[in-house]
Each structure stands twice: as C-alpha cells, then as structure tokens.
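First up is the structure itself, then whatever we jot down about it.
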Amino acid sequence: MEEKIKILITGGAGFIGSNLTEYFLSKNFQVVCLDNFSTGHRYNIETFLNNSNFELIEGDIREFNVCKQAVAGVTYVLHQAALGSVPRSINDPITTNEVNISGFLNMLVASKEAQVKRFIYAASSSTYGDSEELPKVEDRIGKPLSPYAITKYVNELYADIFSKTYGLETIGLRYFNVFGRKQDPNGAYAAVIPKFVMQFMNYESPVINGDGNFSRDFTYIDNVIQMNELAMLTENKQAINTVYNTAFGDRTTLNDLVKSLKEYLSAFDAKIADVEVIHGPNRVGDIPHSLASIEKAKELLNYKPKYSMQEGLKEAVLWYWNNLK
C-alpha cells in the first residue's frame, strides 16, 4: 500500500488553516495540525478529530521543541500560524514580533533539521507598504507601514536565506484580504467581511473607516487553497524559492462591498436593506488601495482562480447565514 504524504499545517485551527486541513484530508493526505488556540478555534477542527489521518498537536511555535515534534516525518509544511492584524501589531508589537518572526524562524530551523521537502508559508500583501504602484508586482515593494508588515517581510527574507544557505525549498504566498467560511466575525481584530455580515444580521450599523473609497483585492478562500496546493505540489524548479501574490486580481471599494453584502443578506431578511452604514476616521497603518498582479502565479504555477469576489461573497454570505444565524 502506498504511504500517505504527511503535511504539517501550523495554525491549523484558524480560518485559513482549518480550510486547508479540511481540503487535504478530503484528498487523503495525512494532516498534522499545530495550534495554540490563541486565535484559532477548536470548533473549526472538531469534525476531524476522529479522522485517522488527522493529528492535533496543541502547542506554540515560539517553543522550538514543539516545532521539532510537529515536523517529524512531514514532507510538506504549510505555515499559517501567525498573529494577524495591523491594529493588533500597533497595540502590541512585541508579541507580534515573537510569534511572527521568532516563531517563524523556529519553524524554518525545525523544517531544515527534519529535511522537510518544502516549506510553504503565509506571506502578506502588507509587505507592499507605502508603494502606490497598482497592480502590485512581486519584485517591487515599498516601506512597511506597521509592525505586522515588518514581520511578514522579515519572513520572506529568512525564507530566502534558508533556501540559499541550507537548500530548503520555500514558497511564500502573499495573501490579499482572504475571506470565506469559518472566518471569525468576533473579537477586536475581526476581518471586515465577517464583522460586517454579523452586524447586518443583528441590524447593527457597520463602521467604514474613512469615506469608503479605499479598495481591496478581496480573495475567496478556495482560491487560496488552490494556491497552497499548487505551491506544494509543483515540480517546476523555476516556481520554487520565491513569493507569489495570492489573490483574484480585481479590487472592490468598501462602499461597493457593503452594497453587495446588504443585497445578498436582504435576500434572507428584507429588514437588512434598511440598516444604515456609519463612516469613521481612517485607520492608522491602512493603505488606500490594494490590487494584485497574479501573472507570475499564472505563469509559473498555472494558477487559475475559480472565484471572483462576488461569487465568493455569495458563498460566504450563505455560509454565515446557515452557521451564525
């Protein structure tokens, strides 16, 4: 019998990590999930606990011994564990640095020592910083605008050094505003889409930072899963030891986002159409516009995103309505 390929997903109980876990279990991979549940949730992985291909390690990437335990016998690492959120990093840069840089380095060293075949990691569009160029192209970035952005850029630098110095294959995926099922609507640092959906469902007025004309390349979770799979399994030597924008390649203003959310949600509850939207001040560290060029991923990884922002939003709204109402 052919031995199953073993994958480690760090942050496997988080939003993106649990979706990756579900997908690769469905493809009959063995999946090890490492999570300390600081931002991930047990309910995201509950349905996997009885799956013989699933193993949960409860631990923290800041502890090197935990990282060593997690990578044992693993072929691929999908490193999703991090403290996200620009505002969180501004409020607490020390913890963000410890998790996102020291934890990342622990995982790189452990992966190198365990002779992991390839290390794929969640990079971030925040790395583009103050660059005003649109669309964002991988090899042209600006200066970081937050402690979070610094940590994600340092990840890329470390990964590059580990590829060159130790021969560890690495691929960074610069995520652009990922959304979809299992994304947490609660907490001080909740992402904008689940937060607004929850507020609309409770007839509460969402607050848009600024005039609502800031735009983002909102990216549905299934496109991100596709990118992780392509990065993991590619045999194209030119495609490794680099970074890719992970996005749809289109941008939506916050005003248009809210309009679409109201439209899709009022199909379930007509009263939502009457909920007013409030405008607040711009948020520190926010960039005005974000739009990815996905040409590099198309060319080297054969990336073909299946979900536009609108198609993904309909799916996400349906999921939230069925799971949170």
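The values are calculated or read from the model by the stated rules, or taken from the named source; none is laboratory data. The structure displayed is predicted, hence computed values, not measured ones. Glycine gets a Cβ as well: all are built from the backbone with ideal geometry, and neighbour counts include every protein chain shown. Surface accessibility is based on the protein's heavy atoms, side chains included, excluding ligands, DNA and RNA. Shrake-Rupley method; radii C 1.70, N 1.55, O 1.52, S 1.80 Å.
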Could you do me a favour and compute the accessible area per residue for segment 118-248, 1.4 Å probe, result in Å²?
37
Starting from the 7 Å offset along Cα-to-Cβ, what nm value, one decimal, do you get for the label separation of Glu276 and Glu132?
3.4
For each pair in Lys112/Lys306; Lys164/Lys306; Lys6/Lys259; Lys4/Lys304, compute the distance between the two Cα atoms and list the pairs where it is over 32 Å.
Lys112/Lys306; Lys164/Lys306; Lys6/Lys259
Residues whose built amide H sits under 5 Å from the amide H of Ala123, excluding neighbours closer than 5 in sequence, are Leu173, Arg174, Tyr175
Environment charge at Tyr189 (Cβ cut-off 12 Å; Lys +1, Arg +1, Asp -1, Glu -1)
+1
When the helices in the chain are scored as -39500 (n - 2.57) per DSSP H run of 4 or longer and the sum is shared across all residues, what 222 nm value do you end up with, to the nearest 500 deg cm²/dmol?
-11000 deg cm²/dmol
Extension gain (nm, one decimal) between Asp211 and Arg140, 0.36 nm per residue minus Cα-Cα
22.8 nm
Give the long-range amide H neighbours of Glu169: residues separated by 5 or more places, or on another chain, with amide H under 5 Å away, using H modelled in the peptide plane at 1.01 Å from N.
Phe119
P(r) for segment 186-282: what percent of alpha-carbon pairs falls in each 10 Å bin, starting at zero?
14, 36, 27, 15, 8, 1
Just to verify a number: FRET efficiency for Asn28 and Lys306, C-beta to C-beta distance, R0 = 25 Å, to 0.05?
0.70
Treating the beta-carbon of each Lys and Arg as +1 and of each Asp and Glu as -1, no other charges, what is the dipole magnitude of the chain about its Cα centre, to the nearest 20 debye?
280
Only bridges whose two residues both fall in segment 167-325 count here: according to DSSP, what percent of them are antiparallel, nearest 5?
15
If you take the beta carbon distance between Glu235 and Gln69 as r and set R0 to 35 Å, what does 1/(1 + (r/R0)^6) give as a FRET efficiency, to the nearest 0.05?
0.75
Dividing the mean separation of Cα pairs under 8 Å (6+ apart) by the residue count of the chain yields a relative contact order in percent of 17
Tell me, what is the per residue accessible area of segment 1-78 in Å², probe radius 1.4 Å?
48
Can you give the % of DSSP beta bridges in the chain that are antiparallel, to the nearest 5?
5
Which percent of the accessible heavy-atom area of segment 76-182 goes to carbon and sulfur, probe 1.4 angstrom?
52
